[in-house]
Amino acid sequence: MIIGLDVGGTHTDVVLLDKQGLIRGIKVHTDASDLFSTVLLGLEKITQNVDPDLIKRVVLSTTLTTNSIVQGKTPEVGMIVSSGPGIDPDLYKTNPHYFTVSGSIDHQGRTIEPIDHNEIREIGKQLKADGIKLAGVVGKFSARNPSHEMEINQILADDLDHIFLGHRVSGNLNFPRRIATTFLNASVYPTHKNFFQAVKQSLDKKGLKVPIHILKADGGTMSFASSIDFPGQTILSGPAASVMGAIAFAPPDEDVIVMDIGGTTTDIAVLINQAPLLDPLGIELGGYKTLIRSLKTRSIAIGGDSRVQTSNGDLKIGPERLDFAMAYGGKSPTPTDALVVIENIQNCDMNRARAGIESIAMETGTSIEETALNIFDQTCQNILSEARNMITEVNSKPVYTVHELQEGYRVNPKKILVLGGPAPYFARYLEKISEFDVRAIPGWKVANAIGAALARTTCEVTLFADTSRGILMAPEEKFEESITKEFLREDAVNKAYDLLKQKAIEKGASTEDLEMELLEDLQFNMVRGFSTIGKNIRIKAQVKPGLIHRYESVAQNMSPHSSGSDEG
Amino acid sequence: MLQAKNKTGLVFFPAFDWAIDPTHPEREERLLYTQDQVFEEGILDIDGIKEFKPDLVTMNDVNRVHFCIPDGWKVMTESHFISAGGAKTIGMAVLEKEIERGFALVRPPGHHANRVVHGARGFCNVNIEAIMIEFLRVAYGVARVAIVDTDCHHGDGTQDIYWHDPDTLFISIHQDGRTLYPGSGFTKELGGPNAAGTTLNIPLPPNTSEEGFLYAIKNIVLPVLEDFKPDLIVNSAGQDNHYSDPITNMNFSAKGYADLTTLLKADIAVLEGGYSIEGALPYVNAGIILAMAGLDYSKIREPDYDPDRIRQSSQVTAQIEDTGAEVLAYWKNRDEIKAKMQQYGEFNERTRRIFYDTDGISEIQKERIRVCRDCGGALRIDTSADTGFHVLAVHVPIKACKKCRETGYQWYDEASPDSFQRVYLQDRPDDNYLEKDFK
């Protein structure tokens, strides 16, 4: 059996699954000020009357790191940044203890200027004096040559508890993002580590001695042990959980739009043949552009609880959310109130919903029913138009080869899957007003937790070879080897797959879930003068995000099949 | 965080799978390290810098500018459709006011491609700037255009295309033609009888450094632009004036290129040559993009940059000052020069031999222009090449007067199958391109 848990803004969803399908799904209230208790309560409730030995896997998706970054509740860290010529690195200053130091490496990874050891030692002293225990060290082009970062690390090792090195976060070239990502990893390290250690201890005490996996923003998981140095990867895993939950219900060989309609926002994602589309560079959070792999999602500030207003007689939906819908005790009208009126939904305060819509109707000069329809229509139209914009944007992504420009895949979805909600009402209406085939995901209330439970371990490897200098390297994996002039692209691909496999298993993957693919596969003849001196080879490979094997039947068995659900 | 002062667009198309041949300077690897530098600097993440996917140009876009012999499909490769398309994409984004300025960082280049194309010369098949400009004229009614070609080689193809166009100012700054391919671009080359003075050439001596280039921009180019008052400024931004370029002899730098970009304030820049792919291009391109966006580039420099080592001699400085005075005098007297050229009868003729170094083709052109005070003049080109083609190409300019239009059609209609294998007509007023195949 597997447990999936997804902490949301208001509710935390927890599911228990086995190979036959969903056993049960529950919701507990999220206490944002005490996520630890929330997570434990959820785990406690879902495991009631379950033999702990039968539970093989626990996957958690939390808002812990996201919240601490957004709220700025992180300890001060030291950032040591070595840039050399280029855009002024002080423009990327992340925090007060940010030091730009000498040292320079060029685009081929060649040292142009060495590190000044005394300068680093002085910084070490200052950090120590200021009581700073954690630091990030980032060099320009360290993804091509990590030696300067490693040198600085060595000099500072005695002055600090833990040092985060830029070349370990990603093989991608983007110095400002490498700085931001390393900074975030260092900043959320203690919060993340303490939290999950406490969760693990509590589970141990209950006799639940299973490995904990943590959901990442790219819709994959990693083991708790391997997450410690890269806690930034856990930010914004919430939207990823929902998208992964949708995969179980997505048809193969088709492009599908996934819409998670929440109270405040709607998140839109794209699936291609049951695999989510990834952002080419990385996630953006709280003003930081990062190298953290993530799903490509588009978030718009329209949801069921968006505030509805009029301006000059026109309806305005969102972007702000005040509180709940009036039908559920809120103070101002929302799309949910419109839905309550249209569909005559019971178990809520119909009078207040009608009163809310009436206040809008008076401004627009239409009947209550008509106004409700207009509000819901505009909500759905806005969401649809954003989804279409997203598809256009995906298809206009720049490419760099003639082949890709001519033969590149164009996303052309014909189907939308909706979760959040209430999904069935939205699905029905979206289908009515669009060319799409729209379905609500069965079990849409807990699909996010199912997504977390079934997500496989993902990772990426970037390999770089220059046969003229005899170098083969993947600094992110601490890998470097000498090669001869005869080294081939095929050898590089094999090496990349070996490294990827090894990395995935270290991060908690099982061998049957290693669906690997190449993301980049380039080879260039290096010509100097008029003769070829070698080859420049660049390979990037990933374990595709997707669901773990042997649980495909979950989609077919969404009605809880034992000890019934007690959904709130 | 960084915010561009000028909203700047970028088409980056390195064509990683296209080369003239594997060891040719115009090869797959050319923009690889530029990509590395631009990505690592995070330039595409800067607020106000937007990357566009290139559109493809259409055959009509090509036929508007060129007479491709025997036809466009034989002359164009996929990569040419894309590199010209990249320039067009940037041009459209500027005129739609989606961006204030834009840079088409594309390959292959185009400024050695003439109006008549029998094959590739100077690594160029079609003129990507001209294809963009003539599209913008048709689509957006752009009238006066200035092209400032800062590639180290004379932009002879662009000069050929605009030789008779009084509404296009073409200024080329390049290494003296006596010392470098294509061997043209002397100060006396000023344009045809209907457009004398709207072609200007500023040949610079070998070893010209930052000082000389910036002198030429400040003291020659900017004052002329000020007089001409273009609606659009296009920079053919070749990067082979760099001190490390393997096929030229100049001493320009990344900082110098960025300063030049700041001074010139071009609406659109289009990459041309530049073959120091590791030592120059990554830094020059980063500098140009930042300069276009109005951002600080003072810390962008080559690892081996040493201004003292590349400083130009006083002799070079004096020579550039003399050239500048000469060019400005031509510009000042352009009306008289034109009047003088127009006094020899209704038609003016010239015969030229053109060599296509990249494809090894020799061409002979007999060109006849109708001398006209009302438009650019009807143009008749009788061209034969050692590929066996002998064709007639007739161009009726975009703002053709009635008489020039009639003349153009008369040439087209009267062409005899005994003399030519094919006849082509560019009817620019109607944006219509005709051809007759006599075989």
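What follows draws every value from the coordinates through simple rules; no lab data is involved. Keep in mind the model is a prediction, meaning the values are calculated, not measured. Here Cβ is always computed from backbone atoms with ideal geometry, including for glycine, and neighbour counts include all displayed protein chains.
Listed values, structure above:
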| item | result |
| --- | --- |
| Unit charges on C-beta of K, R, D, E only; dipole of region A:78-175, Debye | 260 |
| A:T10/A:I533 FRET efficiency (R0 45 Å; Cβ-Cβ; nearest 0.05) | 0.15 |
| Cα-derived Rg over Rh, computed across region A:151-287 with Rh taken as Kirkwood radius | 1.03 |
| Region A:11-52 residues near the modelled A:S553 label - backbone nitrogen below 16 Å, point 7 Å along Cα→Cβ | A:17-24 |
| Enclosed volume per residue, in Å³, of the convex hull spanned by Cα atoms of region A:240-349 | 155 |
| Length added when fully stretched, A:D53-A:A198, from 0.36 nm per residue minus Cα-Cα | 50.2 nm |
| FRET efficiency, B:D227 to A:N525 (Cβ-Cβ, R0 45 Å, nearest 0.05) | 0.40 |
| Whole-Å semi-axes of the ellipsoid equivalent to chain B (Cα gyration tensor, √5λ, descending) | 34, 24, 21 |
| Virtual spin-label span in nm between B:Y140 and B:D296, 7 Å along Cα→Cβ | 3.2 |
| Charge-dipole axis of the protein assembly as shown as Lys and Arg at +1 and Asp and Glu at -1 on Cβ define it, positive-most pick from A:M150, B:F16, A:V543 | A:V543 |
| Charged-residue dipole, Cβ positions (Lys, Arg, Asp, Glu), chain B about Cα centre, Debye nearest 20 | 1300 |
| Proxy reagent accessibility, fewest Cβ within 10 Å first, across A:S102, B:S298, A:S237 | B:S298, A:S102, A:S237 |
| Cβ-based exposure ranking for A:Y551, A:Y288, in which fewest neighbours within 10 Å come first | A:Y551, A:Y288 |
| Unit charges at the beta carbon, dipole of region B:309-439: most positive-side option, B:I310, B:H395, B:S362 | B:I310 |
| Backbone N under 16 Å from the B:E96 label point (7 Å along Cα→Cβ), restricted to region A:398-440 | A:398 |
| Debye log10 I(q)/I(0) for chain A, one point scatterer per Cα, at q = 0.05, 0.11 Å⁻¹ | -0.24, -1.06 |
| Region A:118-164 versus region A:234-302: alpha-carbon centroid distance in Å | 35 |
| Of all DSSP beta bridges in the protein assembly as shown, antiparallel share, percent nearest 5 | 55 |
| Dipole magnitude (debye, nearest 20) for region B:50-97, charges at Cβ of Lys, Arg, Asp, Glu | 120 |
| Compactness relative to 2.2 N^0.38 Å, alpha carbon Rg of region B:244-326 | 1.17 |
| A:R469 versus B:K5: modelled label distance in nm, points set 7 Å from Cα along the beta carbon direction | 3.6 |
| Set of lysines with alpha-carbon distance to A:K316 below 26 Å, sequence-local pairs under 8 removed | A:K331, A:K432 |
| As computed over region B:1-145, the Cα convex hull volume per residue (Å³) | 107 |
| Candidates B:D259, B:D227, B:D149, ranked by Gaussian network fluctuation over chain B, Cα under 10 Å, top entry | B:D227 |
| Chain A: DSSP helices with Cα axial extent of at least 20 Å and average Kyte-Doolittle hydropathy no lower than -1.0 | A:175-205, A:350-364, A:368-395, A:489-506 |
| The protein assembly as shown: Rg to Rh, with Rh as the Kirkwood radius over Cα pairs | 1.03 |
| Segment B:R178-B:N249, length gained on full extension (0.36 nm per residue, minus Cα span) | 24.3 nm |
| Above-threshold pairs, the threshold being 32 Å between Cα atoms, out of A:K495/B:K74; B:K340/B:K403; A:K133/A:K289 | A:K495/B:K74 |
| Average partner coverage of B:278-288, which counts Cβ from other chains inside 10 Å | 2 |
| Cα principal axis extents for region A:78-175, largest first, Å | 37, 25, 24 |
| Crossing angle, helix B:254-264 versus chain B [Cα axis fit, 0-90 degrees, rounded to tens] | 60 |
| Gaussian network model of chain B, Cα within-10 Å springs - most flexible of B:E414, B:E78, B:E29 | B:E414 |
| For the protein assembly as shown, calculated [θ]222 nm from helices alone, where every DSSP H run of n ≥ 4 adds -39500 (n - 2.57) | -10000 deg cm²/dmol |
| Subset of A:K56/A:K206; A:K193/A:K544; A:K540/B:K88 violating a 22 Å alpha-carbon distance limit | A:K193/A:K544; A:K540/B:K88 |
| Largest-first principal axis extents of the Cα set of region A:460-543 (Å) | 49, 20, 18 |
| Degrees between helix B:314-332 axis and first principal axis of chain B (Cα, 0 to 90, nearest 10) | 40 |
| Principal semi-axes in Å for region B:278-367 [√(5λ), Cα gyration tensor, largest first] | 40, 24, 17 |
| Selected from A:F99, A:P85, A:G136, residue furthest toward positive end of dipole (region A:78-175; charges at beta carbon) | A:G136 |
| Within region A:265-285, backbone nitrogen closer than 17 Å to the virtual label 7 Å beyond the Cα of A:H97 toward Cβ | none |
| Degrees, to the nearest 10: B:78-95 long Cα axis against longest axis of chain B | 80 |
| Residues A:V70 and A:A355, FRET efficiency given R0 of 30 Å [Cβ-Cβ distance, rounded to 0.05] | 0.30 |
| Projected label distance in nm at B:E326 and B:D306, using a 7 Å step from Cα toward the beta-carbon | 3.4 |
